[in-house]
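The numbers here are math on the coordinates, done by the rules we state, and not lab data. This is a predicted model, so every value here is computed, not measured. Counting neighbours? That spans all protein chains shown, and the Cβs are built from the backbone with ideal geometry, glycine included.
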């Protein structure tokens, strides 16, 4: 296996750029999966990475060894441990990074979608993608103001949810709302209906807004219905990712 | 108004300790609320802070001025802007910090409680407290392994949820589960029942486990029932805070 020891190695320099820059990821159409869990989920989805990077610890790890057997014919390179450490944000890295292509979303004919407007916190965005994948959504549309869906932090928080979804970035949510086949439900603090009074059994999409500002008036107007999550307690709003989970799983309940 | 300009000021040194140390907060029984939103929620709950700290920007702010009129007789001190900046983690601080007593939880006779085992991420813990307060829970019990509930990050993420709840820290969840009046429902990936088949209308508590490990076997055994959130998609678990929100709001739905 090839070993890279110099920070000046051109391949290493490219990888550093990819790890740190949303722009570079979009330009290259590639990102990095950090750790065995994400690579395992990626392989489970029937995909193969472009390249696997390892440190000296991973090379001696049984779990890594078993995983690598599933990555047939994928080029592998060892990075000097110090160079590897520059690429990971994990506190206890598994010593494995997979370079992968960012999947192109499938043509849009969603039956159960999530529209996210300006979700800025990577942890929230990742949690929402994870919830959407668990609930059986097929597509997630992200406005331009959302965090980069393919950043290390969002990938980590979504725990593989990315690979079960078609993810449309920089989407014009108002035209998406106009063209989706089903009913678009917009979460609002003063909607016309309670969430539990909405019929969620057909083709649907939920629109969830920014952590502080909520959904824009324009997107609320473009939606078919505006609803509110009933909150009997003394606090009148939820974290955006918590709100998304409540909505998605009320649909799961109705669609059983 | 008094102005503190020296880092050696004993009061400022105490406040720095309080901002940075869970141990110091527990010892003093005090914490800091960062920003106007948290102070407003605290005042709404009928409480008054011990002291208010301001920077030069806040002193000229109309929102702050209106808020301060509600803090009757509370001592106020201006901090030099550089000293103030050392106490806040906010990217756009409002320039106001309130020193408050950590409320003592009320005697335990909960009708709708949340038991949290070893929730380590402050953002998750804050989101859970916010969801619990919005759902109308009266009590939240935290195991020793949870993040400090009164840390700046958890307070920020909970958006005032703390002040609508009795929060029991370092709780022995197994004896709590044994003594609570109602049914204790434990979230598990392989429970005996689906969430939507559980009767959540009486006195209940939900137990939610650690982000990676889930609920301990011991706490699952101590619970009255073990249930699973149905997940029709290709991802088989949720973020812990998302799972808590789904459970709490299924109870809200059933208890309407």
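The figures follow:
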item: Complete set of residues in segment A:99-108 that are touching a strand residue (DSSP E or B) at 6+ places or on another chain (Cβ under 6 Å) and part of a loop (DSSP other than H, G, I, E, B); result: A:102, A:105, A:106
item: Residue in segment B:192-200 that is touching a residue at least 40 places away in the same chain (Cβ under 8 Å), closer than 22 Å to residue A:197 by Cβ and away from chain A (no Cβ under 14 Å) present; result: yes
item: Number of positions in segment A:161-179 that are away from every other protein chain (no Cβ under 13 Å) and closer than 27 Å to residue A:47 by Cβ; result: 6
item: Residues of segment A:52-93 satisfying the condition of being part of a loop (DSSP other than H, G, I, E, B), in contact (Cβ under 8 Å) with a residue 40 or more places away in the chain and in contact with a strand residue (DSSP E or B) (Cβ under 8 Å, 6 or more places away or on another chain); result: A:55, A:80, A:87, A:88, A:89, A:90, A:93
item: So residue B:112, is it surrounded by 21 or more Cβ atoms within 10 Å (Cβ to Cβ) and more than 24 Å from residue B:15 (Cβ to Cβ); result: yes
item: All positions within segment B:167-214 that are farther than 26 Å from residue A:256 by Cα and touching a strand residue (DSSP E or B) at 6+ places or on another chain (Cβ under 6 Å); result: B:167, B:168, B:169, B:171, B:173, B:176, B:177, B:180, B:182
item: Residue list for segment A:203-256, filter: free of Cβ contacts under 8 Å to residues at least 60 places away in the same chain, farther than 25 Å from residue B:159 by Cβ, facing chain B (nearest Cβ under 10 Å) and in contact with a helix residue (DSSP H, G or I) (Cβ under 6 Å, 6 or more places away or on another chain); result: A:253
item: Count of segment B:112-139 residues which are within 20 Å of residue A:230 (Cβ to Cβ) and in contact with a strand residue (DSSP E or B) (Cβ under 8 Å, 6 or more places away or on another chain); result: 10
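Condition check ((1) within 11 Å of chain A (Cβ to nearest Cβ); (2) over 20 Å from residue B:217 (Cβ atoms); (3) in a strand (DSSP E or B); (4) touching a helix residue (DSSP H, G or I) at 6+ places or on another chain (Cβ under 8 Å)) across all residues:
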position: B:110; (1), (2), (3), (4): no, yes, no, no
position: B:119; (1), (2), (3), (4): no, no, no, yes
position: B:128; (1), (2), (3), (4): yes, yes, no, yes
position: B:131; (1), (2), (3), (4): yes, yes, no, yes
position: B:147; (1), (2), (3), (4): no, yes, no, yes
position: B:150; (1), (2), (3), (4): no, yes, no, yes
